[in-house]
Structures are given as C-alpha cells and as structure tokens.
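Following: one structure in structure tokens, then a few remarks.
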Amino acid sequence: MTLEAGWAYPLGATWTGKGVNFALFSAHASRVNLCLFDSSGTVETVRHELPVLTDQVWHGFLPDGGPGLVYGYRVDGPWAPGDGHRFNPAKLLLDPYAKELAGSYRFSRLHFADALWHEPDRRDNAASMWKARVPDPWNGAVARPSRPHIPWDRTIIYEAHVKGLTALHPALDPRVRGTFQGLGQGPVLDHLVKLGVTALQLLPIQAFVTEPRLEALGLANYWGYNTLGFFAPHPDYGTMEEFRAMVDAAHRRGLEVILDVVYNHTAEGEPDQLHLAFKGIDNRSYYRSLPSQPLRYENVTGCGNTLNLEHPRVLQLVMDSLRYWVEIGGVDGFRFDLATTLAREAEGFEANSGFLRAVRQDPVLNSVKLIAEPWDIGPGGYRLGEFGAGWAEWNDRFRDDVRAFWRGDATGTQGLAKRLQGSPDIFHRDGRNPAASVNFVACHDGFALEDVVSYSAKHNQSNGEANNDGHSDNLSANYGIEGPTDDPLILDERDRQKRNMLASLFLSRGTPMLGMGDELGRTQRGNNNAYCQDNEISWLDWSKISKRDQDFCDFVRKLIALRRSEPL
C-alpha cells in the first residue's frame, strides 16, 4: 500500500485509529525507507519510502496499519565521516522513539557501519537487530493508585537493581525473578516497606546493550548505563504494562519510584563502532564532535560519545522521553547520570543551560523529583552544589567525609560537622534547603557497605582489566583481615563501623540514600566496579542472610523509624 503524506508530529510511530503515522527527524538524510517486518521481527516483508520532508522531519501515513506492526528504518545520505556524516542504508536502524521492541539484539560485527579504511560496510544487520513495534495507545481511563507525593524532607531513598534485587529471592517464582513482575510482587516491596524507606530508585531500565569490549570478554553490561532506547523498557525486565503494574504496586504501598536515566551518551560508542540508531539517522546532529575534527566525538562521558543536547531536536527527544515515563510509566522522579554533561554548552557547563531551563519550566517535570549526579569527566566537570533550585544532587563529599571520620583519618573531623548539618557550605544558596543534598555512604558505584569495612583495596580482577578499573582510594579498611573472616573481634568491629556510618547517614540533615542490600550485609567480594558482573557478585542472595545480618537489618529499621518519628 502506498504511503500517504501524514504529519511531522508527533515523532515516532503513532496509531490514529485509521492507520499509523511515521515521523523521523534527520536534518541531513537524502532518503528514508520504512521497513516492515513480520510479527516476530525476523522477516522483512515490504519497504516504503517516507514521502514527505517537513522541517527536517521525514514522515508518511500507512492506512489501515495498527498496533503490533513491526518496523525499522534504513536511512540514506552522504558517507562523509570527515564532515560528520555516516549514512549507510545497509544498516537497519531503531526508531529513537520506539516504545516497544521486537525481535532480538545479538552483538555482531554487522552492526558496525565502517569497514576497513573508513569505507561503509554494506552487509545487512537486520537479522540480529531490534525492531520497533507500534504500541497500543495507553488507556488513560484505567484506574491507577494515586502517587504517594512524599515531601523531600521526608524522603528516604533505596537504590536498587531490578535483577539484582530479585534474581535470588526464594519466595519468588523462578519465572519472574529478575523482572518487573518479580519486583512488583509482595516479598520485595514488603521488605522495603518494613524497612521504612519511601522511594525505590532503580538503576537504568531503559533498553540498553552491552559494549563490544565486554562482549569480547564474555561479560555483560549489568548496570545498564548504555542506553539505546529512551522510551522502551529493557526487554529482559519485561514490558511497559508490567513496568506500570510494578509502579502501581509500589504506589499502593506508599513507595515512590525513581528512575536512574542516561541521556548523556548512547550505546553506539565511538564513531566507527556500533551503528544502531542515532549515528545512522543523523550523526552530525545527535552527537557532539570536536570542533576541528568531525571524525572524532567530544567524549566527556568516558563512554565513547556525548549526546548533543544543544540541538533542539535532541533536547526534544530527551524531554519527550522524560514526560513519557512520568505520564505513561507513572514514575515519581529521575536520577540523571553524569548530569553535568546534560548542562554543557559551547563553553562548558552552564547553570542556565537549555536543558536545565527546559526542565524548570516543564509543567510535567517540575512536579517530580529531580536528582543530579553533578559531575562528568570533562574539563570543569565536578559541579556539586551548582544545579540550582528544584534539583537535589548526589553528595559524594558526605560519603568521603563520613568514611574518613569513622576510619580515624587525621583530617576526618574537618568536614563531618558540615555534612551532619546538610552540607550548608555546598547547598545553602539559591533558596535550597538541606534536602537538596542526597547523602550516602555506599551506592552501586564503589564498594558495598559490607566491603567498606572488609577490604582495604579493590579486587576487580574478574572485570578483565587487570584490576586497573574502579577507584583506588575508597576510604575503606579491613580491620585486620582482607575479606571474609570468622574472627569475632573483627566482625564486631566491622559491625560497629557500619552502624556508625549508617547512624551518621540517617541522623544527618539531607536526604538519605541506602544502597541495595547494605541493610543485609551484601558483599561484592571487594569489587568496587561491578558494572559488568551480572551474577552473584552483584545480586542480593536472600538465602544467605545470617543471624548477624538480620540483627543489623533490625538496627537499620530502628534508625529509619527514629528519623521518621523525629524529623529535624
């Protein structure tokens, strides 16, 4: 069937009730082909050229198309890497606005656009590539529980991983472990409610892939900070319907849900690596290149590329994605990975950048919790305290000062008093209050709390980088023996130090955040960079919780109960 003209808005694939409208931004393409597949996403059945270009958006309308239609794009244009263009119509590309995924992604060299000497690789990658599926519009009439709307000064965050929190839970059906369904069932959420936390903050759940380097090592990107689909949930965790059901279950128990999101870079890596979506749709628009070297990306993220939020269409993509997860997903807030990158413009970090201005005025986003990780690896990247009104920020100074004090460092006393007061030296400006400081002593990035008191050095050999990855200065101590021990005196000292640090956390001003399993003695065996350990190193093993762990968990409950009953 011939495509009709359709409309340039909204972007993505939209079912109107009479057909499906397709709209794709590309400022530099010369042609865009819409490729339709069978329902399994394995066989390409027909191609249509999008017939109309309006304001740099290619669009077309497919009469009688409907929900469930599986599709991808092939985008033609100049192959001119020296000018920042990497169009290669041999590569099937995922719609940046894909809300459901079909088929399966398998790593292959076919996903690289470049052959030798920067020539295009003309082999088809479709067989091992995700496709998009046209979604059924969400039925807004479906009754959903009201949001808890916990005030910031009453918020207590529990940071967790969907799979890590559920993969080894004995009370869950093995078929739902590691998924949204498993997380949304009673045993896990009931534990959080009993513990007393008010918000569940999830490591990235948007669709991601593993980097080629890890694939070569036989490892996987467990944390998920390698996003490809900013609207679609990661298929291994479940569907959007299952995600919404999990959020609803949390809301019914009075728990908010916060998503850790990655809009600073994508999974496509360096310019000559994976060619899955943005790079093939409009490389020059989506990514920041070095001003004098279009062949090279500006890489302030350490992940191979940096999204160009100065471009209005890229900023639109991020804003549309955020609103989607609030309005359709029902989430209560976001923690922004490497948030300094999002606020970078031509001269570097800008406290009044386009992204920060857009979020502040947005009628949907200005009513949810916004948390910045206030650093990246670029020049002037450490910006703790500079995100302004309406934002909370991860406060690594709290972590470091509390660890140093209780370890007995000579300089440990100097910063502790300010951390206990909510870090007024950092946040007492622009009308901000102590709740803007998200305090923690351990999180996903670094040692688990048990390892802070059990290891004097990192042990990351299993990551395949000869123990060179991860921070070397962890302000940790082993109190006599490196790693596990049965010595009762050492165990008592370790327990006392964990209690000291968590008492400092929960009895300080600011917003406390507890790491997954830190209330139950979870250990990563000394690995302080377990991003690639999708196994028992990272997962919480509920079956190995000892009497000592239970006693410590009871202590944490009492601390949280004290904080909630006697707010400062």
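The values are calculated or read from the model by the stated rules, or taken from the named source; none is laboratory data. Fair warning: this is a prediction, and the values are worked out from it, not measured in the lab. Methodologically, a virtual Cβ is constructed for each residue, glycine included, from the backbone with ideal geometry; neighbour enumeration extends over all protein chains shown. Areas reflect the complete protein model, heavy atoms only, side chains present, ligands, DNA and RNA absent. Shrake-Rupley method; radii C 1.70, N 1.55, O 1.52, S 1.80 Å.
3J(HN,Hα) along segment 457-469: 9, 6, 9, 9, 4, 5, 7, x, 10, 6, 6, 8, 8 Hz, from the Karplus curve 6.51 cos²θ - 1.76 cosθ + 1.60 with θ = phi - 60°, whole Hz, x for Gly and Pro.
For segment 491-535 versus segment 309-342, the spacing of their alpha-carbon centroids is 29 Å. In order along segment 353-360, the phi-based Karplus estimate (6.51 cos²θ - 1.76 cosθ + 1.60, θ = phi - 60°) of 3J(HN,Hα) comes to 5, x, 5, 5, 5, 4, 5, 4 Hz; Gly and Pro are listed as x.
With the full set of protein chains in place, find how many percent of the accessible area of segment 368-442 is carbon and sulfur; take the probe as 1.4 Å. C and S fraction of accessible area: 53 percent.
Calculate, for S128 and Q361, the FRET efficiency according to 1/(1 + (r/R0)^6) with r their C-beta to C-beta distance and R0 35 Å; round to the nearest 0.05. Mind dumping the intermediate values first?
Numbers: r = 42 Å, r/R0 = 1.19.
For S128 and Q361, the calculated efficiency is 0.25.
Among the listed pairs K418/K498; K194/K544; K18/K99; K99/K194; K498/K547; K498/K544, those with a Cα-Cα distance over 23 Å are K99/K194.
Could you tell me what a quarter of the Cα convex hull surface of the chain works out to, in nm² with one decimal place?
Its Cα hull, projected and averaged over all orientations, spans 25.5 nm².
Summarising the amide proton neighbourhood of L11: residues at separation of 5 or more, or on other chains, whose placed amide H is nearer than 5 Å comprise an empty set. Residues whose amide H lies under 5 Å from that of V52, counting only those 5 or more places away or on a different chain, are H59; hydrogens are built 1.01 Å from N in the peptide plane.
Assuming a ≥ b ≥ c are the square roots of the Cα gyration tensor eigenvalues, decide whether segment 504-568 counts as rounded (a/c under 1.5), prolate (otherwise, with a/b larger than b/c) or oblate.
Values: a/c = 3.39, a/b = 1.67, b/c = 2.03.
It is oblate, given that a/c is not under 1.5 and a/b is not larger than b/c.
Amide H contacts for E345 (H built 1.01 Å from N in the peptide plane; partners 5 or more residues away or on another chain; cut-off under 5 Å): E350.
Rounded to whole Å and sorted largest first, what semi-axes of the equivalent ellipsoid does the C-alpha gyration tensor of segment 28-74 yield via the square root of 5 times each eigenvalue? Can you show the working numbers first?
Numbers: eigenvalues 90, 31, 12 Å².
Equivalent ellipsoid of segment 28-74: 21, 12, 8 Å, largest first.
Which net charge results when you count Lys and Arg as +1 and Asp and Glu as -1 among the other residues whose beta-carbon is under 11 Å from that of S104?
Working: positive: R106, K131; negative: D236.
Neighbour charge sum, excluding S104 itself: +1.
Summarising the overall dimensions of segment 414-538 from its C-alpha atoms, the Rg and Dmax are 15.9, 51 angstrom. The long axis of helix 312-327 is offset from the longest Cα principal axis of the chain by roughly 60 degrees.
Note on segment 145-188 and segment 16-44: Cα centroid distance 35 Å, given to the nearest whole angstrom. Checking every one of the trypsin sites (Lys or Arg not before Pro) in segment 415-475 against DSSP loop status and a limit of 13 other Cβ atoms within 10 Å picks out R429. For segment 394-490, the list of GluC sites (Glu not before Pro) that fall in a loop by DSSP and count at most 16 other C-beta atoms within 10 angstrom reads E465, E482. Where the centroid of each part is defined by its Cα atoms, how far is segment 437-476 from segment 58-108 in Å? Going from one Cα centre to the other spans 40 Å. Our summary of shape: the Cα atoms of segment 90-170 have principal axis extents of 58, 33, 32 Å, ordered from largest down, in whole angstrom. Of the residues L203, T239, V193, the one whose Cα sits farthest towards the positive end of the charge dipole of segment 140-299 is V193 (charges of +1 on Lys and Arg Cβ, -1 on Asp and Glu Cβ, taken about the Cα centre). What shape does segment 312-403 have by the C-alpha gyration tensor, where a ≥ b ≥ c are the square roots of the eigenvalues, rounded means a/c under 1.5, and otherwise prolate means a/b greater than b/c and oblate the rest? Cα axes put segment 312-403 in the oblate bin. Which residues among segment 500-526 fall inside the zone where the amide N is under 14 Å from a point 7 Å beyond the Cα of R548, along Cα→Cβ? Within reach of a label on R548: 520-523.
By how many nm would the segment from H149 to S30 grow when fully extended, if each residue of separation counts as 0.36 nm and the alpha-carbon distance is taken off?
Numbers: separation 119, 0.36 × 119 = 42.84 nm, distance 4.77 nm.
Value of the extension gain: 38.1 nm.
Applying 1/(1 + (r/R0)^6) with R0 = 30 Å to the Cβ-Cβ distance of D486 and L507 gives a FRET efficiency near 0.45. Entry note, the chain: the mean residue ellipticity at 222 nm calculated from DSSP H runs of n ≥ 4, each adding -39500 (n - 2.57), is -7500 deg cm²/dmol after division by the residues and rounding to the nearest 500. Phi-derived couplings, Karplus 6.51 cos²θ - 1.76 cosθ + 1.60 at θ = phi - 60°, listed residue by residue for segment 151-161: x, 4, 6, 10, 7, 10, 9, 10, 8, 8, 10 Hz, with x used for Gly and Pro.
If Lys and Arg each add +1 and Asp and Glu each add -1, what is the summed charge of the other residues whose beta carbon sits under 14 Å from the beta carbon of G178? Can you show the working numbers first?
Working: positive: K163, R175, R177; negative: D173, D236, E242, D534, E536, D541.
Summing Lys and Arg as +1 and Asp and Glu as -1 gives -3.
Here the extension length gained between A561 and V43 equals 180.8 nm, from 0.36 nm per residue of separation less the Cα-Cα distance. For the chain, take the longest principal axis of its alpha carbons; what is the angle in degrees between that and the long axis of helix 186-195, to the nearest 10 within 0 to 90? Between the helix axis and the principal axis of the chain, the angle is about 40 degrees.
Between D55 and E310, the contour length at 0.36 nm per residue exceeds the Cα-Cα span by 90.0 nm. Between the Cα long axis of helix 547-565 and the first principal axis of the chain there is an angle of about 80°, rounded to the nearest 10.
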